[in-house]
1. Among all residue pairs at least 6 apart or on different chains, which show Cβ distances below 6 Å where the first residue, located in the stretch 87-106, is in a loop (DSSP other than H, G, I, E, B) and the second is surrounded by 13 or more Cβ atoms within 10 Å (Cβ to Cβ)?
2. Tell me the residue from Leu156, Leu168, Leu123 that is within 30 Å of Gln223 (Cβ to Cβ) and in contact with a strand residue (DSSP E or B) (Cβ under 7 Å, 6 or more places away or on another chain), please.
3. Only one of these is part of a helix (DSSP H, G or I), of a type outside the set (Gly, Ala, Ser) and either in the same structural domain as Ile148 (by TED's automatic domain parsing) or modelled with pLDDT of 95 or more (or both): Ile30, Ile69. Name it.
4. Do you know which residues across the stretch 167-184 are surrounded by 15 or more Cβ atoms within 10 Å (Cβ to Cβ), of a type in the set (Gly, Ala, Ser) and at pLDDT 95 or above?
5. May I ask you to list the residues in the stretch 51-63 that are under 26 Å from the mean Cα position of the chain (by Cα) and either basic (Lys, Arg) or surrounded by 14 or more Cβ atoms within 10 Å (Cβ to Cβ) (or both)?
6. If I ask for residues that are assigned to a loop (DSSP other than H, G, I, E, B) and without any contact (Cβ under 8 Å) to a residue 40 or more places away in the chain, which ones from the stretch 165-184 would you list?
7. Filter the stretch 184-220 for residues that are β-branched (Val, Ile, Thr) and in contact with a Ser or Thr (Cβ under 9 Å, 6 or more places away or on another chain); which is farthest from Leu7 (Cα to Cα)?
8. For the subset of the stretch 202-233 comprising residues that are of a type outside the set (S, T, N, Q) and not in a helix (DSSP H, G or I), which member is surrounded by the most Cβ atoms within 10 Å (Cβ to Cβ)?
Amino acid sequence: MTVTGYLADFSLPELFQLLEQGNKTGLLTICTLADTKTAERYNHHIWFSQGQIVAAGNTLDQRGLMGLIARRGWMGDNAVSRLAQTCQINTPLGLCLKNQGVLTAEQLKLLFYTQVMRQVCALFALPDGWFQFDPKAPTPRAEMTGLIATATDVTLAGLRALKDWAALDEKLPAPTSALVSVIEGKPNLRLNPNEWQVWEFTNGTMAVADVAKQLNLPVAKVQQIAFRLIVTGLAEEMPLMAAPPPSSLALDDAPELEPSIASGKTAGAAPVSASFLQNLVGFLKSKV
């Protein structure tokens with residue numbers, strides 16, 4: 001089933017997380033909204049296989065990778081087209097050219113970085129756009145280098161390089177919220193030093209703003225790091241549970257309590273607040 005929506009409602013990092021966790025295969029198309037001055041729209045295409053990104057491009061003519069090879073000066077466009085016709089149907093073009101000795105492994109890595117990492121990471125700065133995921137789209141062998149990247153790795157790289165977070169500002173966890181780990185043990189991802197520092201506070205006991213103070217980092221930066229941990233499936237945001245105030249009565253004071261309380265009766269007990277119940281339910285769910 002084809003899925004459509006807007007990035008303002010469902011951000012690209014959240015979309016990548018959904019496609020990866022669902023092991024989805026198909027074509028994700030991002031269409032920028034019309035420019036107010038030129039009325040132009042731009043399409044960006046990202047191909048997934050079992051939740052991993054295998055190729056990206058701005059057109060569907062399957063000549064994007066050939067054009068990259070030609071612009072690098074490694075082979076003429078016509079020569080690449082002729083060799084592409086000799087490749088087996090299910091073999092990615094890049095891998096086919098490597099097997100023929102035309103491209104090296106390092107050249108394939110550079111092509112994949114240019115085609116996927118650079119193009120896709122730039123999309124995280126889009127303020128809005130329309131997206132569509134088509135699970136029935138054919139696999140574009142002529143656009144594939146044979147290399148792949150997890151959506152998580154691309155998301156981390158894109159968000160780390162993001163300079164303007166305006167498009168994702170409303171998605172960031174609140175300064176008053178806490179973070180809770182949703183995995184067992186330590187993350188397997190290659191986190192940077194600041195991400196590791198914030199990760200150490202994913203126990204639900206400290207607000208994001210307090211974490212920032214503890215680490216001597218701007219609150220906005222800690223919010224951004226927290227968002228990265230959330231969209232890569234390592235943590236989730238939850239309301240901070242306030243610790244109950246310490247009892248003002250010592251055990252030795254028990255004989256001085258009112259008889260009705262000392263005997264276990266609770267006449268006139270105050271009702272439990274709705275906010276406390278909400279926090280408790282959220283806390284219990286996070287531990288399931």
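The values are calculated or read from the model by the stated rules, or taken from the named source; none is laboratory data. Predicted model, so just to flag it, every value in this text is computed and none were measured. Virtual Cβ from ideal backbone geometry, glycine too; neighbours counted across all protein chains shown.
1. Within 6 Å, the pairs are Cys87/Cys96; Pro92/Arg141; Pro92/Met144; Pro92/Gly146; Leu103/Leu97.
2. Exactly one of Leu156, Leu168, Leu123 is within 30 Å of Gln223 (Cβ to Cβ) and in contact with a strand residue (DSSP E or B) (Cβ under 7 Å, 6 or more places away or on another chain), namely Leu123.
3. Going through Ile30, Ile69 in turn, the sole match is Ile69.
4. Passing the criteria: Ser177, Ala178, Ser181.
5. Gly51, Gln52, Ile53, Val54, Ala55, Ala56, Gly57, Leu60
6. Glu184
7. Thr202
8. Gly204
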